[in-house]
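> Here's a structure for you.
The values are calculated or read from the model by the stated rules, or taken from the named source; none is laboratory data. The structure displayed is predicted, hence computed values, not measured ones. Cβ sites come from the backbone with ideal geometry, for glycine too, and all protein chains shown count toward neighbours.
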Amino acid sequence: MVRHYLVKGRVQGVGFRWFVQREAAEIGLRGWVRNTDEGHVEVCAAGDDQDIVELEAALRKGSRGSRVDAIVKHEIADEEAERLGPFEIEGAW
């Protein structure tokens, strides 16, 4: 399963991307997380159905200091999983 999330709320400047990367890596997902210019965080994750559900629960909970107001999710074709490597933070220095 491949899923794309757009997480809205206070999710930039609070360690949210690092939180997502750590959670996804522990679960064993492939994909990426990055900030958007609009102040949201975008996540693309691939893995087993149950692992995706686990990540989604973590996204709703958020990191310490974050506030998740809404999550917009889209399923992506399973073939897209082939393009995803180990879970990483995009655009981080």
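> Does Ala24 fit the bill of being part of a helix (DSSP H, G or I), of a type outside the set (Phe, Trp, Tyr), at pLDDT 95 or above and within 9 Å of the chain's Cα centre (by Cα)?
On the way: part of a helix (DSSP H, G or I): yes; of a type outside the set (Phe, Trp, Tyr): yes; at pLDDT 95 or above: yes; within 9 Å of the chain's Cα centre (by Cα): yes.
Against the criterion (part of a helix (DSSP H, G or I), of a type outside the set (Phe, Trp, Tyr), at pLDDT 95 or above and within 9 Å of the chain's Cα centre (by Cα)), Ala24 qualifies.
> Follow-up. Looking at the structure I just gave you, is Val68 out of contact with any Ser or Thr (no Cβ under 7 Å at 6 or more places or on another chain) and either in a loop (DSSP other than H, G, I, E, B) or touching a residue at least 24 places away in the same chain (Cβ under 8 Å) (or both)?
yes
Per-residue answers, yes or no, for (1) part of a strand (DSSP E or B); (2) touching a Lys or Arg at 6+ places or on another chain (Cβ under 8 Å):
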position	(1), (2)
Tyr5	yes, yes
Gln12	no, no
Trp18	no, no
Trp32	yes, no
Arg64	no, no
Lys73	yes, yes
Glu82	no, no
Gly91	no, yes
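> Pairs, please: C-beta under 8 Å, at least 6 apart or cross-chain, first residue crowded, with 16+ Cβ neighbours inside 10 Å and in region 37-65, second among the aromatic types (Phe, Trp, Tyr) and assigned to a helix (DSSP H, G or I)?
Val41/Phe16; Ala58/Phe19; Gly62/Phe16; Gly62/Phe19; Ser63/Phe16; Ser63/Trp18; Ser63/Phe19
> Which one of these does Ala58 not meet: (1) out of contact with any Asp or Glu (no Cβ under 6 Å at 6 or more places or on another chain); (2) of a type outside the set (Lys, Arg); (3) outside any loop (DSSP other than H, G, I, E, B)?
(1)
> Kindly list, by first and then second residue, each pair from a residue in region 1-12 that is among the small types (Gly, Ala, Ser) to a residue that is part of a loop (DSSP other than H, G, I, E, B), limited to pairs with Cβ atoms under 7 Å and residues at least 6 apart or on different chains.
Filtered contacts from region 1-12: Gly9/Ser66.
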